[in-house]
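Novice: Questions regarding the structure given below will be posed in turn.
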Amino acid sequence: MSRMERADEHPFGIDFGGTGIKGAPVDLAAGDLAGEKAKIDTPRPATPAAVSAVFQELVAGFPPSHAAVGVTVPGVMVHGVVRSAANIDRSWVGADADAIFSEALQREVHVVNDADAAGLAEVEYGAARGRSGLVIVTTLGTGIGSALVHDGVLVPNSELGHLQVEGRVAEKHAANSVREREGLSWEEWAARLTVYYRTLERLFTPDLFVVGGGVSKSADKFLPLIEVETEIVPAALRNKAGIIGAALVASRAGLRS
Ligand code: BGC
């Protein structure tokens, strides 16, 4: 049987980001995508109805399936309901995203915070695989996302990008979008990140920091410049982490129900 023929049994992962919506079936045994991923631009405004329509189009490009779908959302997700929207359309706040997407796709859908999905995937298959103790995964992008995973168990919605550091919201001072907007050198940015990661270190005493987000592909330029005691490594799954983590969450939710 070919990979695509088997794909209908695999949970499907969707990464809903500010610029693009990407999705693919995920082979959880392999910890990898089970087929080519598809990508559609995020609609503007990215309202629940517009995003649901894009999800339908995206999923329709794959073999029919009843397998569960996981979706990453860049906000606080509590039991399927969106509780914050720092970088997405305000109309999401209060929306029952699980119900809206399940109705739109006629499949069981579970949403998860984007950084939590990436964190789970890195712990299960990536840079933190096999690591015990406290792992803090941060994603450096438009904002700063965080996942706190202790001995493989996620504490959801940690939102450490919104910590106040030196009187400022951390992600407004140290996200990758700020580096780009202000034209910071790697050294200048690393100095800000040092203050940020030292704060996390003081508060949580983690065993490992994993640094994700698109900029992690340039990790050699800034990671060695961050001065912390804790081991700090780049994420391994790159832009697949969200899709894989989302599918993992969907599959685990299915096992519980
Ligand atoms: C949001 C988080 C999200 C992070 C990364 C923050 O602004 O509050 O929920 O994980 O951005 O997208």
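The values are calculated or read from the model by the stated rules, or taken from the named source; none is laboratory data. Source: prediction; values computed, not measured. So basically every Cβ, Gly included, is an ideal-geometry build from the backbone, and we count neighbours across all protein chains shown. SASA here: full protein model, heavy atoms, side chains in, ligands and nucleic acids out. Shrake-Rupley method; radii C 1.70, N 1.55, O 1.52, S 1.80 Å.
Novice: State all residues of the stretch 10-24 that are open to solvent by 10 Å² or more (accessible area, probe 1.4 Å) and in contact with a Phe, Trp or Tyr (Cβ under 9 Å, 6 or more places away or on another chain); if no residue qualifies, say none.
Specialist: Correct list: 22 only.
Novice: For the stretch 128-140, give me the residue count where each residue is buried (at least 24 other Cβ atoms within 10 Å of the Cβ) and either part of a loop (DSSP other than H, G, I, E, B) or within 7 Å of the ligand (Cβ to nearest atom) (or both).
Specialist: Total meeting the criteria: 2.
Novice: Which ones in the stretch 160-184 are open to solvent by 40 Å² or more (accessible area, probe 1.4 Å), part of a loop (DSSP other than H, G, I, E, B) and more than 23 Å from residue 112 (Cα to Cα)?
Specialist: Selection gives 166, 167, 183.
Novice: Kindly provide the set of residues from the stretch 142-159 that are within 7 Å of the ligand (Cβ to nearest atom), surrounded by 23 or more Cβ atoms within 10 Å (Cβ to Cβ) and not in a strand (DSSP E or B), ordered by number.
Specialist: 143
Novice: Taking the condition outside any strand (DSSP E or B), of a type outside the set (S, T, N, Q), open to solvent by 10 Å² or more (accessible area, probe 1.4 Å) and under 30 Å from residue 38 (Cα atoms), does residue 187 pass?
Specialist: Criteria not met by residue 187.
Novice: Being modelled with pLDDT of 95 or more and open to solvent by less than 20 Å² (accessible area, probe 1.4 Å) is the filter; apply it to the stretch 79-90 and report the residue that is nearest to the ligand (Cβ to nearest atom).
Specialist: This residue is 82.
Novice: A further question on this structure: When you check residue 176 against the structure, is it over 15 Å from residue 234 (Cα atoms) and either within 12 Å of the ligand (Cβ to nearest atom) or modelled with pLDDT under 95 (or both), yes or no?
Specialist: no
Novice: For residue 122, are the conditions met, namely being open to solvent by less than 40 Å² (accessible area, probe 1.4 Å) and closer than 18 Å to residue 245 by Cα?
Specialist: yes
Novice: Something else about it: I'd like to verify a number: residues in the stretch 31-52 that are open to solvent by less than 20 Å² (accessible area, probe 1.4 Å), within 17 Å of the chain's Cα centre (by Cα) and under 18 Å from residue 88 (Cβ atoms), how many?
Specialist: 1
Novice: Any chance the stretch 115-127 includes a residue that's within 16 Å of the ligand (Cβ to nearest atom), assigned to a strand (DSSP E or B) and either in contact (Cβ under 8 Å) with a residue 12 or more places away in the chain or assigned by TED's automatic domain parsing to the domain that holds residue 245 (or both)?
Specialist: Within the stretch 115-127 (the criterion being within 16 Å of the ligand (Cβ to nearest atom), assigned to a strand (DSSP E or B) and either in contact (Cβ under 8 Å) with a residue 12 or more places away in the chain or assigned by TED's automatic domain parsing to the domain that holds residue 245 (or both)), the answer is no, since none of the residues qualifies.
Novice: Hey, could you check the stretch 55-78 for residues that are in contact with a Leu (Cβ under 8 Å, 6 or more places away or on another chain) and open to solvent by less than 30 Å² (accessible area, probe 1.4 Å) and say which is farthest from the ligand (Cβ to nearest atom)?
Specialist: Among those residues, the one meeting the criterion is 59.
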